[in-house]
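In what follows, a single structure is set out as structure tokens and then discussed.
The values are calculated or read from the model by the stated rules, or taken from the named source; none is laboratory data. Here the structure is a predicted model, which is why all the values come from computation and not from measurement. Every residue, glycine as well, gets a Cβ built from its backbone with ideal geometry; the counts of neighbours run over all protein chains shown. What goes into the accessible areas is simple: the full protein's heavy atoms, side chains included, and nothing from ligands, DNA or RNA. Shrake-Rupley method; radii C 1.70, N 1.55, O 1.52, S 1.80 Å.
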Amino acid sequence: MIDFEPTPEQAALVAQVREFIHERVIPMEADPRRTAHGPTEALRGDLVAMAREAGLLSLHVSPEYGGKGIDHRTAALVFEESGYSMLGPVAMNIAAPDEANMHMLERIASDEQKERYLRPLAAGGGRSCFCMTEPAPGAGSDPAALATTARQEGEEFVIDGRKWMITGFDGAAFAIIMARTIDAQGRDLGASMFLTPMDVPGIRLVRVLDTMDASFTGGHAELAFEGLRVPREAVLGELGEGFRYAQVSLAPARLTHCMRWLGAARRAHDIAVDYTRRREAFGQRLIDHEGVGFQLADNEIELRQARLAIWHTAWLLDRGERASRESSMAKVYCAEAIYRIADRAMQVMGGLGLSDDTEVARIYRDVRAFRVYDGPSEVHRWSIARRLGR
Ligand SMILES: Cc1cc2nc3c(=O)[nH]c(=O)nc-3n(C[C@H](O)[C@H](O)[C@H](O)COP(=O)(O)OP(=O)(O)OC[C@H]3O[C@@H](n4cnc5c(N)ncnc54)[C@H](O)[C@@H]3O)c2cc1C
């Protein structure tokens, strides 16, 4: 019933990814093209080219679109290895938001939309973004507050509204927009998703925000849709089904974040273990001081717990279950545990931990946001508790 042994194919893929990350990607971490708003397009291009050459691009996409169609359990193994460098998911084209957007397009988009948007995205040619969150009083934790509208005019929809915190918007090739849909008779059909290329009138970049994290190409943007006209064929799936589709893709998307960040947490922990084995204070190695050793032991415990939560949820998803409760639990646990792991790694490394001489401080800064995006911890707890109250 419970089998944690990877298959020979999974083990071989994990070994290949591990070697790729260690031999090719980690040496790129010193590249000055890592900016406060993420790796530049040029750095991303170089990384993607390396993964393409290694046959490690977009592994979660089906072979028809150039991937290997790996299942969630295999993704758990492979994405963790990829996350061992924060540049790994960028290189392998499995970073947010592209990875989740590919997942959703493959399941919901029409054949024409797949050819136009999914195929080039999976090939690593351009990037995408997912435009949901709005400044107050619009949609945030509560998607029902969605204020952006798509008004039907003949065979077109006219989209107006403001979004923010949109990862990768600056420089993306296309966007998926969540908007409240009003039909030609003025009826509110609910939320729908629309696909649009970015090089059209009616899309304005307001600013790229300065945030704590720095691992997503393009950073996070505030933007305005001002009379953006999209044709009927731009609708992703069915009108009025936007929130349902978001739910379908959210559980796997939350989990892939956990997988990648688990790899980053392992990296921070490994760096800390290495340092505390070599550095001495008060006549012995740091790791031999109980106060340090216990922190590293807690890291080991939480890495294990996070991995088990991910594997179990991946197993449920592979059985065709929605696993929304389990993915909520995994998301809260991983986001908080991984933050604690990075924090402890920093602490036991003293001043070095706080500098950018190692990856630890970068991981700490980056992973903090994971407690907010894909649903803040409090919202997941609230939804788990609500189920208990029924
Ligand atoms: C780095 C980063 C990248 C992001 N990328 C994207 C993106 O690509 N596309 C996109 O659409 N959005 C993106 N977001 C936005 C993200 O999804 C939202 O920040 C998140 O949904 C929370 O919405 P909000 O910021 O409006 O917080 P608010 O809705 O203002 O909530 C603020 C806080 O209130 C608390 N809270 C809310 N509801 C409850 C409740 N029921 N019970 C208890 N406490 C509660 C929580 O602590 C929450 O953090 C990103 C955010 C970050 C930080």
Q. Can you give the charge dipole size of the range 128-240 about its Cα centre, rounded to the nearest 20 debye, using +1 on the beta carbon of Lys and Arg and -1 on the beta carbon of Asp and Glu?
A. 100
Q: Among Y339, Y373, Y117, determine the one that fluctuates most according to a GNM of the chain built with springs between C-alpha atoms less than 10 Å apart.
A: Y373
**Q.** Overall Cα dimensions of the range 8-122 - principal axes, largest extent first, Å
**A.** 41, 36, 21
Q: Any cysteines in the chain with zero other Cys Cβ atoms under 4.7 Å from their Cβ? List them, or say none.
A: C129, C131
Q) Name the residues of the range 348-390 whose amide N is less than 14 Å from a point 7 angstrom out from the Cα of D142 along the C-beta direction? A) 379
Q.
Show me the ranking of peptides 58-67, 308-317 by mean Cβ neighbours inside 10 Å, starting with the highest.
A. 308-317, 58-67
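Based on a Kirkwood Rh over C-alpha pairs, give the Stokes-Einstein translational diffusion coefficient of the range 290-380 at 4 °C and viscosity 1.567 mPa s in µm²/s.
91
I want the antiparallel fraction of DSSP beta bridges within the chain, as a percent rounded to 5.
That works out to approximately 85 percent antiparallel.
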Q.
For the range 244-292, what does the convex hull of the Cα positions come to per residue, in cubic angstrom?
A. 69
Q: Taking every pair of Cα atoms in the range 128-240, average 1/r, invert it to obtain the Kirkwood radius, and report Rg/Rh to two decimals.
A: 0.96
Q.
Could you work out the relative contact order of the chain? I mean the mean sequence separation of Cα pairs under 8 Å and 6+ apart, divided by the number of residues, in percent.
A. 16
Q) Taking the Cα centre of each part, how many Å lie between the range 297-312 and the range 185-199? A) 41
Q | Peptides 96-106, 43-53, 25-35, 351-361 ordered by average Cβ neighbours within 10 Å, highest first | A | 96-106, 43-53, 351-361, 25-35
Q. Where the accessible area of the chain is counted over protein heavy atoms with a 1.4 Å probe, how much of it, in %, is carbon and sulfur?
A. 52
Q | Solvent-accessible area per residue, Å², over the range 128-240 with all protein chains present [probe radius 1.4 Å] | A | 41
Q. On the first, second and third principal axes, largest extent first, how far apart are the outermost C-alpha atoms of the range 75-141 in Å?
A. 39, 32, 20
Q. So for the range 243-389, taking the charge dipole from beta-carbon charges (+1 Lys/Arg, -1 Asp/Glu), which of Y333, N299, I363 sits furthest toward the positive end?
A. Y333
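Based on the Kirkwood radius over alpha-carbon pairs, what is the Stokes-Einstein translational diffusion coefficient of the range 200-297 at 25 °C with 0.890 mPa s viscosity, in µm²/s? Show your work: numbers first, answer last.
On the way: Rh = 18.7 Å.
D, rounded to a whole number, is 131 µm²/s.
How fast does the chain diffuse by Stokes-Einstein, in µm²/s, taking the Kirkwood radius from C-alpha pairs at 25 °C and 0.890 mPa s? Display every interim value, and only then the final one.
Values: Rh = 21.7 Å.
Rounded to a whole number, D works out at 113 µm²/s.
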**Q.** Cα-based equivalent ellipsoid, the range 109-148: semi-axes from gyration tensor eigenvalues, Å
**A.** 30, 12, 6
